[in-house]
1. Could you please let me know if residue 372 is without any contact (Cβ under 8 Å) to a residue 60 or more places away in the chain and under 18 Å from residue 89 (Cβ atoms)?
2. Find the residue count for the range 351-369, including only residues that are in contact (Cβ under 8 Å) with a residue 60 or more places away in the chain and not small (Gly, Ala, Ser).
3. Among the candidates 136, 103, which residue alone is under 21 Å from residue 366 (Cβ atoms) and either β-branched (Val, Ile, Thr) or over 21 Å from the mean Cα position of the chain (by Cα) (or both)?
4. Is it the case that residue 47 is open to solvent by 60 Å² or more (accessible area, probe 1.4 Å), over 28 Å from the mean Cα position of the chain (by Cα) and under 30 Å from residue 361 (Cα atoms)?
5. Residues being within 16 Å of the ligand (Cβ to nearest atom) and not aliphatic (A, V, I, L, M): count how many of those fall in the range 327-362.
6. So which residues in the range 220-264 are closer than 21 Å to residue 352 by Cα and of a type in the set (A, V, I, L, M), if there are any at all?
7. Looking at (1) on the phi > 0 side of the Ramachandran plot; (2) touching a Pro at 6+ places or on another chain (Cβ under 9 Å); (3) open to solvent by 10 Å² or more (accessible area, probe 1.4 Å), which is the only condition residue 349 fails?
Amino acid sequence: MKIKILLVSFCLIMVSCNTKEKITGQKVKDMEITDEQQDYLGITDKAHLSAASKRALNWPKEATNDWYFEYQIQDLKGDLAYEEGVVRRDPSGIIKHDGKYYTWYTKSTGPTQGFVGDIEKVKVFPWDRCDIWYATSKDGITWKEEGVAVKRGEKGSYDDRSVFTVEIMENEGMYYLCYQTVKSPYNKRVKNQVGLAWSTSPNGPWTKSKEPILSPADNGVWIGDDLQDRFSVAKKGDFDSHKVHDPCIIPFKGKFYLYYKGEQMGEQFTFGGRQIRHGVAIADNPKGPYVKSLYNPISNSGHEICVWKYNGGIASLITTDGPERNTVQWSPDGINFEVRGAVKDAPHAIGLNRTADNEKEPTEILRWGLTHEYKNSDYQYIRRFTTINKKQHGSFTEGAK
Ligand code: AAL
């Protein structure tokens, strides 16, 4: 009997350890610390570990932090330089083909009118009534606009109003563009989805998916039928019950991880910021079906998705919203992320240089890339950022003893 009880409790402990490990992704095995660790970290009492001490025990024991960086922004030349009356924003990652860099982006013309008058006639956001365009460059500074890559769909299709905020993925000789879609009428309660297009060449032609590859969770409940009131809800639903945004597919561990930003019906301010979270959906094939992870959301901060592979895991730059904004995070499994470094304000809507040698440094992929900036509320344009890797920072003075 005693043995049976012992066996059962052993199994229960094993199961709970495993579950905990999976859920937190942390080294939860034990917090037994050596005398050396206690002394190194200056911990008062081994039996009384604060949350900070527990985190400190999991940090690499190095004097430098390879995840720190500082950045600068420059103007682009050629067709991507600022152009009056034109919106160019949300650049994709950059790939190289036949000696030229390629990027894709959201493009529209004319000012934003907002949610006024006849919604079928106005432009409600700068990213409304857009198509996806692309440009090439020999040096990453002077760009030539090549034309439209993916157009809005025919009237009545899921992408008939706007296609925007695109990302590129290259896999086994095929090119995939994933992007946001909106179907008319573009009212404030409209659900945003994600579409996919593929081609054997970055110059197209592109074949579009007949149906969206990702949609918002269908478990929120609006109150009333005012289509311009997105805050009145009886139930908010999942973190992505309203919009799935900023898609980015990364081939990872033999599967395809589609990272995205979720917006929730009845969005609130939480933890002192907009309620913006990230999720992931995983597929066996680039074209899907994509299944949302049960662990979503996988971040409680951030805005546009900016993820890359590093050291067998996935790194993520968390910008703009939430308590963990302006941090770089890393996860061994693409799901459980932990903060690796803080950033002094990060560029927005980053298009990563996917030609970089990711493994050279954790943030090597950020040495240069594209971002967008608001000239004003009507017009945004694409710019270039460069970063330097800064391995230490603090209040110390150079040479101080
Ligand atoms: C961006 C992105 C998405 C939103 C809009 C255009 O910052 O998060 O793309 O829909 O703003």
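1. no
2. So the count comes out to 9.
3. 103
4. Working: open to solvent by 60 Å² or more (accessible area, probe 1.4 Å): yes; over 28 Å from the mean Cα position of the chain (by Cα): yes; under 30 Å from residue 361 (Cα atoms): no.
So residue 47 does not fit the description; no.
5. 4
6. Hits for the range 220-264 are 244, 249, 250, 258.
7. Of (1) on the phi > 0 side of the Ramachandran plot; (2) touching a Pro at 6+ places or on another chain (Cβ under 9 Å); (3) open to solvent by 10 Å² or more (accessible area, probe 1.4 Å), only one is false for residue 349: (3).
Residues checked against (1) within 15 Å of the chain's Cα centre (by Cα); (2) farther than 27 Å from residue 209 by Cα; (3) surrounded by fewer than 17 Cβ atoms within 10 Å (Cβ to Cβ); (4) touching a residue at least 12 places away in the same chain (Cβ under 8 Å):
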position: 253; (1), (2), (3), (4): no, no, yes, yes
position: 257; (1), (2), (3), (4): yes, no, no, yes
position: 267; (1), (2), (3), (4): no, yes, no, yes
position: 280; (1), (2), (3), (4): yes, no, no, yes
position: 285; (1), (2), (3), (4): no, no, yes, yes
position: 288; (1), (2), (3), (4): no, no, no, yes
position: 298; (1), (2), (3), (4): yes, no, no, yes
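The values are calculated or read from the model by the stated rules, or taken from the named source; none is laboratory data. Note that the structure is a prediction, hence the values are computed from the model and not measured. Every residue, glycine among them, receives a Cβ derived from its backbone with ideal geometry; neighbour counts consider all protein chains shown. The area values use the complete protein model at the heavy-atom level, side chains included, leaving out ligands, DNA and RNA. Shrake-Rupley method; radii C 1.70, N 1.55, O 1.52, S 1.80 Å.
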